[in-house]
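The values are calculated or read from the model by the stated rules, or taken from the named source; none is laboratory data. Computed from a predicted model, the values in this text were never measured in an experiment. Because the Cβ atoms are built from the backbone with ideal geometry, glycine has one as well, and the counts that use them run over all protein chains shown.
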Amino acid sequence: MVLTYKKAGVDISKIKQSQKAIGKLISSTHKIQKKAKIAHGFGHYAGIVEIPGGKLLATHTDGVGTKVVIANMMKKYNTIGIDCVAMNVNDVICIGATPISFVDYIAANKNDVLIFKKIVEGLVTGAKKSSMPIVGGETAIMPDVIEGKEFAFDLAGMVVGLVEKKEIVLGNKIKTGDVIIGANSSGIHSNGYSLARKAILKKYSVKDKVKGVGKIGEALLEPTEIYTNPVLEMNKKCKINGFAHITGGAFTKLLRLKNTGYEIDSLPKIPPIMGLVQEQGVKDEEMYKTFNMGVGFCVIAPKTQATKIISIFKKYKIPSQEIGRIVSKKGVTVNSIKIA
C-alpha cells in the first residue's frame, strides 16, 4: 500500500481551505486597535503590528503536533519542550524578528509534577539556545478533553519578537537568479509525525534498534534544531531576500514568501529516520511535501552572499549548502518533481 499524509489522517489541502476561511474572519479585527497598526497579517510566518515608537512587534504561536505521542510512548519528556520553542522561534525569525519573550501552554489529562518538570526543562533549554526569556505559561488539567488512563498531554507556545523596519524580511524582494541555501535539520523536527508513525510503527516498535538509525523512538524524538542566532546574525551582515522554516507542508512552504519559482535539486543526505519512513512505501513526491528531507531552514539571497551565509551557519555548527535557485516558472520543484 502506498502511504500518504492524507491516508494517515492529515489532508493538507483541506487544512489550507480551513486556514483561508479563518483568515477572512481574522482580517475583520485588523482595524479595531488604534494603538497598533497591522503591518502584516495572516498568512506569513508571523503577524506584525507597528507599535508606538515605530517598532514592529511580531507574534506567532505553534505546537509540536503528534510528536507528544512518541514522548509518551518512550516516557521521555525532557526534549519535547525544545521542539515547542523551536517551532515558534524558527518561524518568527523568518521575518527578521528577534524573539524577546515566550509563554507555554501544557494541557494534560492528569497532574504529574515530575513529568511537568521534565517538559519545562526542555522549554528552558530551548529558550536559552534562543537567547529568549520565558515569561509565563499555563498548565491545564482536562481529563474530559484529553482522554486516556496513562498520562497524555499537548504542548504549545507563543513567541513575541521585535524587528526594526529596515531589518524586516517578507520575501517580496526575491528575484530570479537568487540561490536557496538549506541549513541541515537535526531529524524529522516536529511535523509529519502522523505519517511517520503510520509508516514505521506498522513494522517496528519505538524500542527497536535499526542499523544506521539506532533506537527508533530516540531518533523520532531528536529535538528540532533552533536557527535563531545564525539567522539573526546573517540578517544584519548579509543581503537576504527571504527566510523559510521548513515545517508542515515541507518545501511548499516556500510559496509563503513569494509566488515565484523554486527549483531544488541538491538536497543533503536525508536523516536515516526519514529513509526508514520512505522504505515503508512513501513516494518521493509525498516525502517532499511532508518532511524536511534534511533541510530545516532555507535562506534565499543573491548568489554573491552564499559563501558568507554558509560560513555563518558553520560558525554555529550547523551544516548548510546551496540546494537550489529561484526560477521564472512559478511553483516548487524538488529533484524534477513538481510538488506545488
> Are any residues in the range 131-150 hydrophobic (A, V, I, L, M, F, W, C) and either surrounded by fewer than 16 Cβ atoms within 10 Å (Cβ to Cβ) or without any contact (Cβ under 8 Å) to a residue 24 or more places away in the chain (or both), and if so, which ones?
Replying inline: VAL135, ALA140, ILE141, MET142, VAL145
>> Residue pairs, Cβ under 6 Å, 6 or more apart or interchain, first in the range 186-211 and on the phi > 0 side of the Ramachandran plot, second surrounded by 20 or more Cβ atoms within 10 Å (Cβ to Cβ) and among the hydroxyl-bearing types (Ser, Thr, Tyr). List them.
In response: HIS189/THR224; GLY192/THR290
>> For the range 301-327, give me each residue that is among the small types (Gly, Ala, Ser) and either more than 21 Å from TYR262 (Cβ to Cβ) or not assigned by TED's automatic domain parsing to the domain that holds CYS238 (or both).
In response: SER311
>> Looking at the range 181-204, can you tell me whether even one residue there is modelled with pLDDT under 95, more than 18 Å from the chain's Cα centre (by Cα) and closer than 27 Å to PHE243 by Cβ?
In response: no
>> With the structure loaded, tell me whether VAL206 is of a type outside the set (Asp, Glu), out of contact with any Ser or Thr (no Cβ under 9 Å at 6 or more places or on another chain), closer than 28 Å to ALA127 by Cβ and in a loop (DSSP other than H, G, I, E, B) or whether it fails that test.
In response: yes
> How many residues, within the range 283-312, are surrounded by 15 or more Cβ atoms within 10 Å (Cβ to Cβ) and either in contact with a helix residue (DSSP H, G or I) (Cβ under 7 Å, 6 or more places away or on another chain) or within 18 Å of LEU267 (Cβ to Cβ) (or both)?
Replying inline: 20
> Name the pairs: first residue in the range 270-290 and assigned by TED's automatic domain parsing to the domain that holds LYS207 and closer than 11 Å to ALA196 by Cα, second residue crowded, with 22+ Cβ neighbours inside 10 Å and among the aromatic types (Phe, Trp, Tyr), Cβ to Cβ under 7 Å, at least 6 apart or on different chains?
Replying inline: MET274/PHE291; THR290/TYR5
> Within the group GLU147, GLU222, which residue is outside the structural domain of THR98 (by TED's automatic domain parsing) and farther than 21 Å from PHE102 by Cβ?
Replying inline: GLU222
> Inside the range 156-172, can you point out the residues that are part of a loop (DSSP other than H, G, I, E, B) and crowded, with 16+ Cβ neighbours inside 10 Å?
Replying inline: ILE168, VAL169, LEU170, GLY171
> Would you say SER190 is closer than 30 Å to ASN111 by Cα, of a type in the set (Gly, Ala, Ser) and surrounded by fewer than 19 Cβ atoms within 10 Å (Cβ to Cβ)?
Replying inline: no
> Does GLY126 meet the test of being outside the structural domain of LYS237 (by TED's automatic domain parsing) and part of a helix (DSSP H, G or I)?
Replying inline: yes
> Looking at the range 265-273, is at least one residue more than 24 Å from VAL179 (Cβ to Cβ) and either of a type in the set (Asp, Glu) or over 17 Å from the mean Cα position of the chain (by Cα) (or both)?
Replying inline: yes
